[in-house]
Amino acid sequence: MKRVFCIIFVITLVLGLTWVVPSMAQKKFLTLASGSPGGVYYPLGGGMAVVIQKTTDLRCAAESTGASVENCRLVGARESDMGMVMGSIAYKAVEGQQPFEKKFPLVTLFQMYPAPEHIVTVSGKGIKSIKDLKGKKVSIDVPGSGCAVMAKAILEEYGFNLEKDLTIANLSQSESVQALKDGIVDAVFFNFAYPGSAVLDLAATRDIVLVPVERDMADKIVKKYPYYVKITIPAKTYPKADYDVLCLGDSNVLIANKQMEEGVAYQIVKAIFENVDKGKWALVNIHPIASQLTPKNAVISPIELHPGAIKYFKEVGAIK
């Protein structure tokens, strides 16, 4: 009798496994390349992986990486399924420009959040437009930074000779804040997602003025530098700045390989945007920057959107 019971148990176990193993095999496993601990990518990527894992029939794990350049290579080689990268870096990877040695087949699932180039001054300086910077002392961030590169591109397109028409200072963000407070510089350039702590710091003790880029000039610069995007900082983002401010900036995007299945891409995008600020796995509880994950922001990208992403954003009206 004992022997019969054992045989029945073994048969039952085997039959059970025949049902369990196929179901496990059908659950696709994905990896999401984020960034290093301490930055925004790391916690936000981890939160996105949890959302995908908990709200779809997909499995997903986030992995810490060196961020943008490495992530483009990982996703391009299909060693990771998704990656968090700066838009300008994604563009250069697709085009095979430095620092990449070849073109990578990448597409965007969505823009996570934009990083506009803030141009900030204080009242009393007589600066209301970029043209008013002539003859002024301006900090554009440290040499070689993305902020400094973009600042130079903007100023040159406005016709400034950077050596003759204004005085350039290469100060860090914290140094720029103090220099503007002390009147050492007349305006500063910052590049970060809004609201930026440096600008909030300034606004706590000074009446700040945010200087816009004129729309026709923004169109001209984006045409010349396709990896930059037009971004509007909404009114009242900063104290006393009760007006929309058109900026140029870089984007931060979640990329995938072109070979990702359309259905998988659709599931990923839908899951994330349905869990931005609602539910048990809400991403805003992981990092406040997730509040900028809106369909309107999501479709702005310097490289093409994945067809699965386009399907979702058409459903919610972000793409006509």
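Side notes on the structure shown:
- Dipole orientation for the chain: of the candidates Gly66, Pro116, Cys247, Gly66 has the Cα lying most toward the positive pole (charges on Cβ; Lys, Arg +1; Asp, Glu -1).
- The three principal axes of the C-alpha atoms in the chain carry coordinate ranges of 98, 41, 36 Å, sorted with the longest axis first.
- Here the Karplus curve 6.51 cos²θ - 1.76 cosθ + 1.60, taken at θ = phi - 60°, turns the phi angles of segment 30-41 into couplings of 10, 10, 10, 7, 9, x, 8, x, x, x, 6, 4 Hz, with x standing for Gly and Pro.
- Taking amide H as placed 1.01 Å from N in the peptide plane, Tyr228 has no amide H partner under 5 Å among residues 5 or more places away or on another chain.
- Nonlocal amide H pairs with Tyr113, under 5 Å, H built at 1.01 Å: Asn252
- Principal-axis tilt of helix 262-273 within the chain, Cα atoms, nearest 10 degrees: 60 degrees
- Base-10 log of normalised Debye intensity for segment 115-250 (one unit scatterer per alpha-carbon) at q = 0.11, 0.12, 0.13, 0.21 Å⁻¹: -0.33, -0.40, -0.47, -1.38
- Net charge dipole, segment 115-250: roughly 220 debye, given to the nearest 20, about the Cα centre with Cβ charges of +1 for Lys and Arg and -1 for Asp and Glu.
- Reachable lysines from Lys27, criterion Cα separation under 20 angstrom, eight or more residues apart if same chain: Lys54, Lys270
- Cross-link table Lys92/Lys152; Lys102/Lys296; Lys28/Lys103; Lys103/Lys236; Lys230/Lys311, entries beyond 30 Å C-alpha to C-alpha: Lys102/Lys296; Lys103/Lys236
- Top positive-direction residue, dipole computed over segment 100-203 with Cβ charges, set Ser197, Gly135, Phe100: Gly135
Bear in mind that the values in this text are calculations on the coordinates, not laboratory data. No experiment lies behind these values; they were computed from the predicted model shown. We place every Cβ from the backbone using ideal geometry, glycine too, and count neighbours over all the protein chains shown.
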